[in-house]
Amino acid sequence: MKHVLLLNGPNLNMLGRRQPEIYGAETLDDIIAASTAHAQTLGLQLEARQSNIEGELVTWIQQARETAAAIIINPGAYSHTSVAILDALNMFEGPVMEVHITNIHKREAFRHHSFVSARADGVIAGCGTQGYELALSRLARLLG
Ligand code: CA2
């Protein structure tokens, strides 16, 4: 079974606990459970990790070169600041899907640019937490 690494960046551990009007009512655990179930229907094995620390995300992306066929990443606010995450993703050879729960283009101007989008094979924004399932479906297609 092909292995997909799902990474969530800073503050996404707070989903469902603060600002539900922006990010919805589901917790990160809810999202991981739904994504894991969806991955199984697609014949994919999901490993989910979250960190508030940029370097930890970079290390996990480096390690994924040996362990994962594809990456789904919601880099959170690091989307808009992190060349380090972009550089790490550029060393990963498999497909990368970038997910944002909100439509970053409808929000403040500083959220309109994502460094990660320069590497991502696909970007899903504004589809709520369903975006993670859409990203998995796309990866199933890309991985054949
Ligand atoms: O829309 C997204 O998924 C974002 O990546 C979420 C980031 C934000 O900085 C990006 O611009 C867009 C923020 C995640 C913060 O998550 C929270 C969850 C609950 C309560 C407060 C923040």
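Computed from the coordinates by the stated procedures, all read-outs in this text should not be read as laboratory data. These numbers come from a predicted model, not from an experiment. Reconstructed Cβ throughout: ideal geometry from the backbone, glycine too, with neighbour counts over all protein chains shown.
Would you confirm whether any residue within the stretch 91-108 is more than 14 Å from the chain's Cα centre (by Cα) and under 19 Å from Ser51 (Cβ atoms)?
Yes.
Restricting to the stretch 7-23, count the residues that are in contact with a helix residue (DSSP H, G or I) (Cβ under 9 Å, 6 or more places away or on another chain) and either near the ligand (Cβ under 9 Å from one of its atoms) or more than 13 Å from Gly76 (Cβ to Cβ) (or both). Write out each step before concluding.
Going residue by residue through the stretch 7-23, those that are in contact with a helix residue (DSSP H, G or I) (Cβ under 9 Å, 6 or more places away or on another chain) are 7-16, 23.
Restricting the remaining residues to those that are either near the ligand (Cβ under 9 Å from one of its atoms) or more than 13 Å from Gly76 (Cβ to Cβ) (or both) gives 8-16, 23.
Final tally of qualifying residues: 10.
If you scan the stretch 68-97, which residues turn out to be near the ligand (Cβ under 9 Å from one of its atoms) and under 20 Å from Gln45 (Cα atoms)?
So the first thing to find is which residues in the stretch 68-97 are near the ligand (Cβ under 9 Å from one of its atoms), and the list is 74-80.
Across the stretch 68-97, the qualifying residue is only Asn74.
Has the stretch 124-136 got at least one residue that is touching a Ser or Thr at 6+ places or on another chain (Cβ under 6 Å) and either of a type in the set (S, T, N, Q) or buried (at least 16 other Cβ atoms within 10 Å of the Cβ) (or both)?
yes
Name the helices (runs of 4 or more DSSP H) wholly within the stretch 1-85 that hold at least 2 residues that are of a type in the set (Ser, Thr, Tyr) and without any contact (Cβ under 8 Å) to a residue 40 or more places away in the chain? So that I can check it myself, show each step before the final result.
Numbers: elements: 20-23, 28-41, 54-67.
Helices (runs of 4 or more DSSP H) meeting the threshold: 28-41.
Based on what the data block shows, is Ala39 under 17 Å from Ile124 (Cβ atoms), within 16 Å of the ligand (Cβ to nearest atom), more than 13 Å from the chain's Cα centre (by Cα) and of a type in the set (A, V, I, L, M)? So that I can check it myself, show each step before the final result.
Details: under 17 Å from Ile124 (Cβ atoms): yes; within 16 Å of the ligand (Cβ to nearest atom): no; more than 13 Å from the chain's Cα centre (by Cα): yes; of a type in the set (A, V, I, L, M): yes.
The answer is no for Ala39.
Please identify the pairs in which a residue from the stretch 104-128 that is closer than 18 Å to Met91 by Cα and of a type in the set (A, V, I, L, M, F, W, C) has its Cβ atom under 6 Å from the Cβ atom of a residue that is more than 10 Å from the ligand (Cβ to nearest atom) and assigned to a loop (DSSP other than H, G, I, E, B), counting only partners at least 6 apart or on another chain.
Partner pairs satisfying both residue conditions: Phe115/Ser82.
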